[in-house]
Amino acid sequence: MSEQDNNTPPHLDPASVGIVTPQTLHFDEPLTLECERVLPSFDLVIETYGELNADKSNAILICHALSGSHHAAGYHSENDTKAGWWDNLIGNGKAIDTSRFFVVCLNNIGSCHGSTGPTTVNPATGEIWGADFPLITIKDWVKTQVMLSDRLGIAKWHAIVGGSMGGMQALQWSVDYPDRLERAVIIASTPKLSAQNIAFNEVARQSILSDPDFHDGWYLKHGTYPRRGLILARMVGHITYITEEAMKAKFGRDLKSGKFMYGFDVEFQVESYLRYQGERFSKNFDANTYLLMTKALDYFDPTRDYTKDELDEKEALKQTLARTQCQFLIVSFTTDWRFTPERSVEIVDALMANDKRVSFVNVDAPHGHDSFLFDIPRYTTAVRGFLNAHIIARQTQGDITPQEISQLARQ
């Protein structure tokens, strides 16, 4: 659907999919959200890479993480200096091979990258949605993705792939629409957020909500922006995406000026780095969107609609994943302390308890939670092999036990 220039300009990465043009698709159908509010219509911004085959069996859906967008690969113009956020995985001959697959990435509703959200116009009022935009959930996103699938004429995805929050969407797909995907690739993700993760999100939200420029979410009407709150929210979040060892290796206790200044301005290099990351993020992301996205993460629990409250978490997940039909690849990273390998193992254990087809790899990587964004050979090889294999060996408890997988996850 997006235009693609196969003759990538020489100063751009020649392995990239080239120059791509996003498309905005409008949906007139009302969308009833889990919060029981209704969007009378909505827009989704998408990009596509590669070509859809005649029987539409080679389509892969990419689900983005919290700060991601539809722009997963390629460049928007010859002047672009930065490719899409997953360009190292998506392209000709890459792990998600656009010479073989038709790849679709969309921007979820509630975001600030063009799809209907707090920064777009509410058709009922003719004004920006702002704080009036309803709370959304990952189930809501999956519902819109199903509507997108129908619009594209794709009855069944070859695979649905996502990292972090994107992996949650892939997991929700496998439960809610089990007959509409062949494979699910769930990377650096979790079956639900821990109390600690919810706590991190709450600290980030409070930094925005308490900013005097927030104005209860109506900052655009007031000609202001909660810049300080969004910077702090991003700083808190960014700390959880990387490891202590990575910070130590990159910054240690190095001073910016070489000596103590005995003040509260930046003195350590790591302080300068975090402020830079926060400042850059605050210029490209919407505060109301950040609030919505983090709440969607908190609400995520695929077992809610399929199990009874008195079940323990392990049994609830087992019963929920009994509904799934697709093959799974679960990827975790040894240094990810935001969504630890043990959280991925919970998904693997529940699938294997149901005799489902699942492959699991725990990748040694130094980058923490952000590892899913890096080109790590063992990781990309696993994704490539899983997507390209016509027959995936069925792993059962007779081949490898959940206990053995748990041991692998801790190595």
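The values are calculated or read from the model by the stated rules, or taken from the named source; none is laboratory data. Every value quoted in this text rests on a predicted model; they were computed, and no experiment measured them. Because the Cβ atoms are built from the backbone with ideal geometry, glycine has one as well, and the counts that use them run over all protein chains shown. These accessible areas exclude ligands, DNA and RNA; they are computed on the full protein's heavy atoms, side chains included. Shrake-Rupley method; radii C 1.70, N 1.55, O 1.52, S 1.80 Å.
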So, in nm, how far is label Met147 from label His76 when the simple model puts each one 7 Å beyond its Cα toward the Cβ?
-> 2.4 nm
In this structure, among Lys192/Lys356; Lys94/Lys156; Lys94/Lys143; Lys139/Lys356, pairs with alpha-carbon gaps over 25 Å are Lys94/Lys143
Amide H partners (placed H, <5 Å) of Ser359, local residues excluded | Phe328, Leu329, Ile330
For the Lys314, Lys248 Cβ pair and Förster radius 41 Å, calculated FRET efficiency rounded to 0.05 is 0.70
DSSP-defined antiparallel bridges as percent of all bridges, the chain, nearest 5 | 40 percent
Which percent of the accessible area of the chain is formed by carbon and sulfur heavy atoms (probe 1.4 angstrom)?
-> 51 percent
Beta bridge orientation in the stretch 60-168: antiparallel %, DSSP, nearest 5 = 20 percent
Evaluate the distance, in nm, between pseudo-label points positioned 7 Å from the Cα of Ser99 and of Val121 along their respective Cα→Cβ axes.
-> 4.5 nm
Over the chain, give the accessible area per residue in Å² for a 1.4 Å probe, as an integer.
-> 44 Å²
In nm, to one decimal, how far is the modelled label at Glu342 from the one at Lys56, with both set 7 Å along Cα→Cβ?
-> 4.4 nm
Return the long-range amide H neighbours of Arg183 (sequence gap of 5 or more, or a different chain), with a cut-off of under 5 Å between placed amide H atoms.
-> Ala159, Ile160, Gln327
5 angstrom amide H check on Asn122, placed H, neighbours 5+ away | Glu127, Ile128, Trp129
Just how far, in whole angstrom, is the stretch 67-89 from the stretch 184-210 if you go by their alpha carbon centroids?
-> 25 Å
About the Cα centre, charge dipole magnitude for the chain (Lys/Arg +1, Asp/Glu -1 at Cβ), debye | 580 debye
Report the full-extension gain for the segment Asn354 to Glu271: residue separation times 0.36 nm, less the Cα-Cα distance, to one decimal in nm.
-> 25.1 nm
Positive-end residue of Pro118, Phe101, Gln145, charge dipole of the stretch 86-164 with Cβ unit charges = Phe101
With bins of 20 Å, the percent of all Cα-Cα pairs of the chain per bin from 0 is 26, 59, 15, 0
Report the extension gain between Arg280 and Gln206 in nm, rounded to one decimal, defined as 0.36 nm multiplied by the number of residues separating them, less their alpha carbon distance.
-> 24.7 nm
Farthest towards the positive end of the dipole of the chain, among Gln23, Ala73, Gly368 and with Cβ unit charges of +1 on Lys and Arg and -1 on Asp and Glu, lies the Cα of Gly368
Quick one: go through the stretch 283-306 and flag any residue whose amide nitrogen is under 16 Å from the point 7 Å out along the Cα-to-Cβ line of Arg227.
-> 283-287
